[in-house]
Amino acid sequence: MEKIIKLTDGTQLKAGLTGNPGFPAIMLPVAKESVYGPAADHLRLWGVDPELGEHFVEGLADTFRVLFFDYEGHRLQHPNPDKLTPESIVHDLLTIADEMNVERFSYYGYSWLALVGLQLAIRTDRLDSLVMGGFPPLDGPYKEMLIVTNKTYQQASSNQNTYVADEQVPIDPEQLDWDNIQVQIDPNQTKQFVTMYEHLRGVDDRAIQQLLELPRLAFAGEKDTIVYGENFGSVTVDIVGKLEQNKAALEQLGWDVEIIKGSGMDHTKAMQPATVLPLLKPWLIRKLYRAY
């Protein structure tokens, strides 16, 4: 089943629901539309599965009821520059669940959509479990990401470009000068994330742990450390470092923590279905089918 849903800002998003109604439900806001042809070849060059959303849904629908949509893609197409707050995002997610008649559900998000899951978990009692990939539940890099998104917004606004991608010519990531690359995107696309991180500026992710009384899993790739150049504030976003540093504390708080090993297991590789599903699916089965 697919449905067009009106969100808080009046924009419309397509969501899908599949799987047996008797199965436990999982919300996948990471379910990107499949890409084919030259565009798919370009994504593969960057280590991205061009059928990421489809493979996630197919991988889970035999065991779970899957509520899927591409929230990030929607926000890039329909930016909400001044009002993309944690509250508005949570309202969007619950609106989608309501419109699809899904009362209770688990949530899986990656990167910024993982931190959204944490905000969702402390604002509703409808979650059965929470899975955060590529963003640590303790000592999250909120300050660093506010710097990065601010710098990105400033570059997009000033339109000072040293590099503009030719969509017809695949670019090898190894050939890019990441310290000096500048961005050319709609300023509103990045301003909305500045807004989000501004509203998370004072978040105390240690204090909110006491609000979490549900099964939860956090994971990251063993190479998930991003060093940004001067153009992006000269900050380091050390996802795996924070997760490893706080692993014992997180486990004491009730989290399951996994560091995914493997060649080049960075932020991008650790979000691909081939990497995530062998971890996510068995964990969900253990936590949601305990009676069996």
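Computed from the coordinates by the stated procedures, all read-outs in this text should not be read as laboratory data. This structure is a prediction, so every number in the text was calculated from the model and none was measured. In this analysis, Cβ positions are derived from the backbone assuming ideal geometry, glycine residues included, and neighbour counts consider all displayed protein chains.
Things to note:
- The local environment of Phe23, defined by Cβ-Cβ distances under 13 Å, has a net charge of +1 under the rule Lys, Arg +1 and Asp, Glu -1.
- Helix-only [θ]222 nm of the chain, DSSP H runs n ≥ 4, -39500 (n - 2.57) each, per residue, nearest 500: -11000 deg cm²/dmol
- Packing-based exposure ordering (other Cβ within 10 Å, fewest first) of Trp46, Trp283: Trp46, Trp283
- Put simply, the amide H of Gly109, placed in the peptide plane, has neighbours under 5 Å in Val131, Gly133, leaving out anything fewer than 5 places away on its chain.
- Karplus 3J(HN,Hα) series, Hz, for region 231-243 with 6.51 cos²θ - 1.76 cosθ + 1.60 (x for Gly, Pro): 4, 10, x, 6, 10, 10, 9, 9, 5, 5, x, 5, 5
- Taken about its Cα centre, region 22-170 carries a charge dipole of about 440 debye when Lys and Arg each add +1 at the Cβ and Asp and Glu each add -1 at the Cβ.
- For Asp256, distant residues with modelled amide H under 5 Å away: Arg216, Leu217, Ala218
- The string of couplings for region 11-23 from the Karplus curve (6.51, -1.76, 1.60, θ = phi - 60°) is 6, 10, 10, 8, 10, x, 9, 9, x, 5, x, x, 7 Hz, one whole number per residue in order, with x for Gly and Pro.
- Antiparallel bridge percentage (DSSP; both residues within the chain; nearest 5): 35
- GNM top mover of Gln209, Gln154, Gln245 - the chain, alpha-carbon springs below 10 Å: Gln245
- Too-long pairs where the Cα-Cα distance tops 25 Å, listed order kept, from Lys83/Lys223; Lys223/Lys281; Lys14/Lys151: Lys83/Lys223; Lys14/Lys151
- Here the mean projected area of the convex hull built on the C-alpha positions of the chain is 14.9 nm².
- Neighbour counts of other Cβ atoms within 10 Å put Tyr142, Tyr108, Tyr153 in the fewest-to-most order Tyr142, Tyr153, Tyr108.
- Residue-wise HN-Hα coupling along region 43-55, computed from phi with Karplus coefficients 6.51, -1.76, 1.60 (Hz; x: Gly, Pro): 5, 4, 4, 8, x, 9, 6, x, 10, 3, x, 4, 5
- Here the peptides 49-57, 250-258, 200-208 are ranked by packing, the mean other Cβ count within 10 Å, and the order with the highest first is 49-57, 250-258, 200-208.
- If you run the Gaussian network model on the chain, springs between alpha carbon atoms under 10 Å, then out of Ser263, Ser157, Ser106 the most flexible one is Ser263.
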